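The values are calculated or read from the model by the stated rules, or taken from the named source; none is laboratory data. Since this is a predicted model, take the numbers as computed values, not measurements. Every residue, glycine as well, gets a Cβ built from its backbone with ideal geometry; the counts of neighbours run over all protein chains shown. With ligands, DNA and RNA removed, areas are computed over all heavy atoms of the protein, side chains included. Shrake-Rupley method; radii C 1.70, N 1.55, O 1.52, S 1.80 Å.
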Amino acid sequence: MTRTTIDGNEATVHVAHRLSELCAIYPITPSSTMAELADDWSAKGRANIWGTVPTVIEMQSEGGAAGALHGALQGGALSTTFTASQGLLLMIPNMYKIAGELTSAVLHVAARSLAAQGLSIFGDHQDVMAVRQTGFALLSSGSVQEAHDLALVAHAATLRSRIPFVHFFDGFRTSHELNTIDLLDDAVLRAMVPESLVHEHRMRALSPERPFVRGTAQNPDVYFQARETVNPFYAATPGIVQEVMDELAGHTGRAYHLVEYAGHPEAERVVVIMGSGGETTQETVDHLVAQGEKVGVVRIRLYRPFPAEELVAAIPATARVIGVLDRTKEPGSGGEPLYLDVIAALSAAYSEGRIAAMPRVVGGRYGLSSKEFTPGMVAGVYAALAAERPPTGFTVGIVDDVSRTSIDYDPTLVIEDEETLRAVFFGLGSDGTVGANKNTIKILGEDPNRNAQAYFVYDSKKSGGSTVSHLRFGPHPIKAPYLVGSAGFVGCHHFGLLDKLDVLGLARPGGVLLLNAPMPKEEVWDALSAPAQSEILAKGLQLYAIDADSVARGAGLPGRTNTILQTCFFAISGVMPREDAIEAIKKSIRKTYGRRGPEVVRRNEAAVDATLAQLNRIEVPQNVTSQRSPRPVVSQEAPEFVRTVTAAMMSGRGDDLPVSALPVDGTFPSGTTAYEKRRISDIVAQWDPQGCIQCGNCAFVCPHAVLRSKFYDSAALDGAPEGFESAPLNAAGLPQSRYTLQVYTEDCTGCGLCVEACPVHPIPGSTRKAINLSADEDVMERGVTNVGFFESIAQNERARVDFGTVRGAQFLQPLFEFSGACSGCGETPYLKLLSQLFGDRLTVANATGCSSIYGGNLPTTPWTRNAQGRGPAWSNSLFEDNAEFGLGLQIAADVHTRLARERLAMLRDQVGGDLVDAILAAPQIRESELAAQRTRVEELTRRLEGVEGPVAQDLRSVADHLVRRSVWIVGGDGWAYDIGSGGLDHVLASGQNVNILVMDTEVYSNTGGQSSKATPIAAVAKFAAAGKSVAKKDLALQATAYGSVYVARVALGADPQQTLRAFREAESYDGTSLVIAYSHCIAHGIDMSKGLEQQKRAVNSGHWPLMRYDPTIRDRGENPFFLDSPRPTIPLSEYIYKELRYRMLRQTAPEEAERLLGLAQNAVDQRWAVYEEMATRGASQFIPDARKKKS
Amino acid sequence: MTTLTTTYLGLSLRNPLVASASPLSQTTDDVRALADAGVGAVVLYSLFEEQIRQQEVADYELVAMHEDSFGEATSYFPDVDIVAGGATPYLRHLENCAGAVDIPVIGSLNGASLDGWAQCARQMQDAGAAAIEVNPYAVPGDVRVAGASIEQRHVEIVHAVKSAVTIPVAMKLSPFFSATGTMCRELDAAGVDGLVLFNRFLQPDIDIETLTVGPSVTLSSPVESGIARTWIAILRGRVKASLAATTGVETGADVVKYLLAGADVVMTASALMRHGTGYATTLLGELTGWMERKRFASVDEVRGLLALGDGVDAAQYERAGYVAALTHAKDMYGDFLVRS
């Protein structure tokens, strides 16, 4: 038996991979790791227990994965998949088939919320409850060890019962929790899954040697009866599962049951629950029983087929009240599913006389979207059950002040084992805190006498986000699937977090506080805010500090403070002898970083060695000495919703918000990132007004919209704060005008793209540009003051701006700003441009992915509105349906535009013929035309005020459609090339006037770098670790084949003017438009500050030829295909080997890298030849646009 | 019939002209072109261990800075040992070149640590290098480092590399030792198979307009060849190691001079970069022409004819050359210029 410390995903796939011949996979949080590990292990030749390496195939969607799974099963292969949430929903049609055909299979599910009023990546049982009717057995694990063990139970039971299984565990809470477990040996797996069962499974497969037909169409005469044939199999399954569980117990000593009771033998109040919440409930029951309470818990492991008899038998006859807790929500139902199942089981037993009395059964909901479920809440439930009339349909863990469903509980209840030590660490995403803590927990878990647990909480930002690591370790197994509420050790790895999050609230009295403090030890105390000092004194905390960033810089690893602070933890906590701990850390460094190279190891070891000399105990005075208060979370001038609701979420107090605080339908206000002011970077952009040539390049490329330009009459400078910078406007005819490029310093991420884009070296030969990065604190603070004044200057009128040029576009207000995207993101400049050009009439359908996360992940949203209150209307439907969703939005706009025009014509006499004619005849392509139309519609609105009647009423409801709307379907390559490909293709073929923007990062960025069909040949990605060997799909060329689609391929870093032109042409084109935009990405393995340079290389190497295809040109008899970039000037290798995703292959498999490079270069050459030929064809050689032209 | 064959580091070469480490060996086609032009051996461009180490750290940072930072993705790259093969592209190139030509291909190595020197040398041997030229190119900018420790470091490197490989090892040296001869003898005693004399330092230049310091690359010229020629003449017969001359070859005459001084092979990069790879054919033609004109049948007959030779005091040799040079200068430029 091997002990190890791993998470629930790894624990599961550890078994699944050994018991499978095929894994059909598709990435989805939080299950992706299972698929990644399976792929990784197979790529490295790791075999299953029968000595063959499982085949792992990535599909285009979960629907595809389920189809492949179904086929493989019918082909007789032992097959599995890993999924969650929407992915599981996409598998439902195949699940019915697989179950209907009595096919042995296991789906491993990291159970997750479903997208309803909003998407959530976190855990609950909504997804698995949505498949409970498919005929699959459902087996629930409540811990990492269980996930490991019950994975085996599922694989063994499905072969014995022929019923397919969903084995599920709680997303994040179990899938991502590290815990010390005992691994199952191959011998146990072999014993429980004998080859004879495998052979039987194969014999049921399709084979021309023994042909049969499976999958017939059945008619009313027999379908019903045929559906009933499976009943004996379902009836036998619970017994089979228990039999397998008993065998497992025989091998391991770990006994499981379909239904397990724990608690007082004469319990009066019993909770029925499933999943990780059962662990917490059982732990709390032990505590309550010890205090004399007659309570108990029934944990359900097999949920389908529902073990009704076992459930009834498990509940003590003394039970008076049963509380059934569901981690799901079924609006409109008579109760949640587990509750209804329990009622049905008990009612049947009572009515059949198997039990003497019918207990009162109530249902409650808890833990949706990984909402904490703590012992306090469990105790609250038992307290509620003790009431004379216990509530039903209750909720626990929230405050429901609307429907009054929530019950009270004591949030301070701590029942944790005193011998279990608890530590919490606050870090930033990029500083390695989580990684170091994973190492720490593994180091601690290596001691056979110690158990360890770790769980990590991330915030919603991709850049500058914070992480909180919750660690427990001690002599007893740790069954506490909830966050640490009271820690003996609190590490704050970024000083600024003290002011932003409730760091000290988690420290227990007398505990240790370790600060990473960028200052001499003498100044640490005074640098704390007054509330922080006060809490440290009140709790009597021992304060330690180290300038870890300085140590990291000294070791040649700037920003990587992880091993330094890890060393401090071991040194201060004394959990291990100091020397042993340091050696263990170094051993871990060698193990973790050894394959990254000796220099990486050396520098990390040097950091460890330099740490202890810099670690200081800070003497804490008797009194608070600081006058400083933390800055308010948001400005007091922010709207009420932002101050009360958004701010609570921003400061980590979102759990406290009552139901009434939240919108009923998922509708949130736009533009709330403007209030966030995150200050995530110490270096920010600084403008040089003297050197600047006002070209607009920097503002154009800024991914975070922190560079804003205005020109204005010099009189507007009256009252400007000292240090407000401006320059004479560099434009003819406006001699009195000034120009300011304002840096929003608090929102700047210091990505450096602006510096790269700046074409000017004001001092010849100097590396300084007209915009530079500065670490000067004054620059930050001056920026804050200046932004206030800058915003008081009127935004330039769109009519006065030539936004056919990059220079002019800088004066258009971005209506997408300050997103939480990665610093230097390659996608967001395109969205910002979209918002600048068309924002006040823009509707965005956003595919799930990075852009839906930085675009719509609470607490704040970057899509905003202008001074007139207009701005992009944004929505995310799903990952797979975005093209169709956007098309629907466009058709709705078309319908209402047509209706408005009809109603307007009907009201001709009432509102005036001239106006009606002008509105109906108005062209709406140019900005001036749109502005004129807006004025006309405003006039119409005024005239309609006096008009009564249903037609006028109708017109008022749709009159805004008389100004042409701009509907854009946006998303990444995972959507466009893979999961949404069918829908996208259909929309391209629809001929509808809708615009599509594909931000192509050539990889699934959001879920962590999995290969897509946009991934180029020779690149390494997850699921393509050996290098992608199939060429990237040429989506642009495919779209041109329809003849009716405007197509452009752009790269803003290579040719911003071409990008601008393509966006405008696409939008004005009366038909379907597709713009494919090169988007550099962290998953490419590049220095993001050089993203634009890399875009140029992509174009110059011919990897990303810039082109436009404009059907209107063909209609004019000219060649519609424009090749906008020159012939390749550099070989492909010069582009690709600047990126780690390609270098990885060259370093690990040089021969294969050479082979693929040769093929890739050949593909580039061939494509260029095709494009060149197309660019020289006659118009007649292109497919004509056969749509009927609108009159 | 004139024979150009020669022996260098124990390797049989078809002629004594060797393409030294330079950008001219970046691709297999480059190396094939050098072979086609007739050179006797090729020293590949240098593998800089320090660059590999820096790339390792940079790659590590690219991977690490986004790991475990966001709930949806704990990493962005597959779990492969990306840096175990930091030197792989170079080694792969070496392997390809060694397979592409029938002349010896010598790997050039600039290490950063003793372990690194040894490990990289072993990898080069495995990749098919005929020999290794170690190149401890470093300008000791630390003013506290004593000369003796630098010399000791050179000996340690030879020990480290020699103990790691079975193929011959040459060392390319700086001319700036206080006692070059002693240094060479110590290296010889440490077992080095060849001495390559001398390395040139690409010293940064100052731009007086922009007030910046930048890299400066200038090709060598024949005026720089004197010091190497002198030391080769002195060392000939005093060390067991092969002697390679490098720096300042422009014409066949420069090749001849080095051979006369006692070089086993003559290396050039600047001439080939200046005139193209095919210029090697010209140099060899000029060498052959001179030998025919002077009726030398083989390179062996030429080699070391004007070396210092046993029994001659090196100081006197140098002094004699120095005095003769002064006298020559006085004749040309007048007494004043020489004295000043």
Open item on the list: I'd like the full set of residues that are open to solvent by 40 Å² or more (accessible area, probe 1.4 Å) and either within 28 Å of residue A:986 (Cα to Cα) or in contact with an Asp or Glu (Cβ under 6 Å, 6 or more places away or on another chain) (or both), limited to the stretch A:902-926.
Closed with: A:903, A:923, A:925
Task: Flag if residue A:407 is farther than 22 Å from residue A:507 by Cα, modelled with pLDDT under 95 and of a type in the set (Val, Ile, Thr) - done: no
Task: Residue pairs meeting the criteria (Cβ under 8 Å; at least 6 apart or on separate chains; first at positive phi, in the stretch A:714-728; second part of a loop (DSSP other than H, G, I, E, B) and surrounded by 13 or more Cβ atoms within 10 Å (Cβ to Cβ)) - done: none
TODO: Select from the stretch B:64-92 the residues that are at the interface with chain A (Cβ under 7 Å from one of its Cβ atoms) and assigned to a helix (DSSP H, G or I) and write down the one among them that is least open to solvent (accessible area, probe 1.4 Å).
DONE: B:64
TODO: Name the residue, out of A:573, A:626, A:588, that is among the small types (Gly, Ala, Ser), touching a strand residue (DSSP E or B) at 6+ places or on another chain (Cβ under 6 Å) and away from chain B (no Cβ under 14 Å).
DONE: A:573
Task: Unique residue being open to solvent by 50 Å² or more (accessible area, probe 1.4 Å), away from chain B (no Cβ under 14 Å) and more than 20 Å from residue A:1031 (Cα to Cα) when the list is A:1148, A:1112 - done: A:1112
- [ ] Filter the stretch A:446-463 down to residues that are within 15 Å of residue B:72 (Cα to Cα) and outside any strand (DSSP E or B) and give me whichever is nearest to the other protein chains (Cβ to nearest Cβ).
- [x] A:462
Open item on the list: Residue under question is residue A:1019, and the condition is that it be part of a loop (DSSP other than H, G, I, E, B) and touching a Gly at 6+ places or on another chain (Cβ under 8 Å); does it hold?
Closed with: yes
Open item on the list: Just to check your reading of the model, which residue among A:385, A:413 is within 28 Å of residue A:498 (Cβ to Cβ) and among the hydrophobic types (A, V, I, L, M, F, W, C)?
Closed with: A:413
TODO: Within the stretch A:787-809, identify whether any single residue is closer than 30 Å to residue A:1082 by Cβ, assigned to a helix (DSSP H, G or I) and without any contact (Cβ under 8 Å) to a residue 60 or more places away in the chain, and answer yes or no.
DONE: yes
Task: Among residues of the stretch B:248-273, those that are of a type outside the set (Asp, Glu) and either under 12 Å from residue B:303 (Cβ atoms) or open to solvent by 20 Å² or more (accessible area, probe 1.4 Å) (or both), counted - done: 14
Task: Residue, nearest to the other protein chains (Cβ to nearest Cβ), within the stretch A:972-1016, restricted to residues that are in a helix (DSSP H, G or I) and within 20 Å of the chain's Cα centre (by Cα) - done: A:974
TODO: Looking only at the stretch B:289-297, decide whether some residue is over 14 Å from residue B:19 (Cα atoms), in contact with a strand residue (DSSP E or B) (Cβ under 9 Å, 6 or more places away or on another chain) and open to solvent by 10 Å² or more (accessible area, probe 1.4 Å).
DONE: yes
Task: Unique match (being crowded, with 24+ Cβ neighbours inside 10 Å and at pLDDT below 95) among A:445, A:432, A:367 - done: A:432
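Results for (1) outside the structural domain of residue A:436 (by TED's automatic domain parsing); (2) outside any strand (DSSP E or B); (3) acidic (Asp, Glu); (4) at pLDDT 95 or above, shown as yes or no for each residue.
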{"site": "A:534", "(1), (2), (3), (4)": "no, yes, no, yes"}
{"site": "A:538", "(1), (2), (3), (4)": "no, yes, no, yes"}
{"site": "A:543", "(1), (2), (3), (4)": "no, no, no, yes"}
{"site": "A:553", "(1), (2), (3), (4)": "no, yes, no, no"}
{"site": "A:557", "(1), (2), (3), (4)": "no, yes, no, no"}
{"site": "A:567", "(1), (2), (3), (4)": "no, yes, no, yes"}
Task: Residue ID - farthest from the other protein chains (Cβ to nearest Cβ), chosen from residues in the stretch B:39-63 that are under 30 Å from residue B:286 (Cα atoms) and not in a loop (DSSP other than H, G, I, E, B) - done: B:41
Task: Residues (touching a helix residue (DSSP H, G or I) at 6+ places or on another chain (Cβ under 7 Å), open to solvent by 10 Å² or more (accessible area, probe 1.4 Å) and closer than 26 Å to residue A:233 by Cβ) located in the stretch A:119-158 - done: A:130, A:132, A:135, A:155
Open item on the list: I need a count of the residues in the stretch B:213-238 that are open to solvent by less than 20 Å² (accessible area, probe 1.4 Å) and in contact with a Leu (Cβ under 8 Å, 6 or more places away or on another chain).
Closed with: 5
- [ ] Among the residues of the stretch B:36-45, write down those that are open to solvent by 10 Å² or more (accessible area, probe 1.4 Å) and either modelled with pLDDT under 90 or farther than 16 Å from residue B:270 by Cβ (or both).
- [x] B:36, B:38
Open item on the list: Please go through the stretch A:71-94 and give me each residue that is part of a helix (DSSP H, G or I) and either of a type in the set (Phe, Trp, Tyr) or within 30 Å of residue A:875 (Cα to Cα) (or both), ordered by number.
Closed with: A:85, A:86, A:87, A:88, A:89, A:90, A:91, A:92, A:93, A:94
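Matching residues to (1) out of contact with any Gly (no Cβ under 8 Å at 6 or more places or on another chain); (2) at pLDDT 95 or above; (3) more than 24 Å from residue B:24 (Cβ to Cβ); (4) exposed (fewer than 15 other Cβ atoms within 10 Å of the Cβ):
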{"position": "B:243", "(1), (2), (3), (4)": "no, yes, no, no"}
{"position": "B:246", "(1), (2), (3), (4)": "yes, no, no, no"}
{"position": "B:284", "(1), (2), (3), (4)": "no, yes, no, no"}
{"position": "B:329", "(1), (2), (3), (4)": "yes, no, yes, yes"}
Open item on the list: Checking the structure you have, find out if any residue of the stretch A:26-49 is away from chain B (no Cβ under 14 Å) and crowded, with 24+ Cβ neighbours inside 10 Å.
Closed with: yes
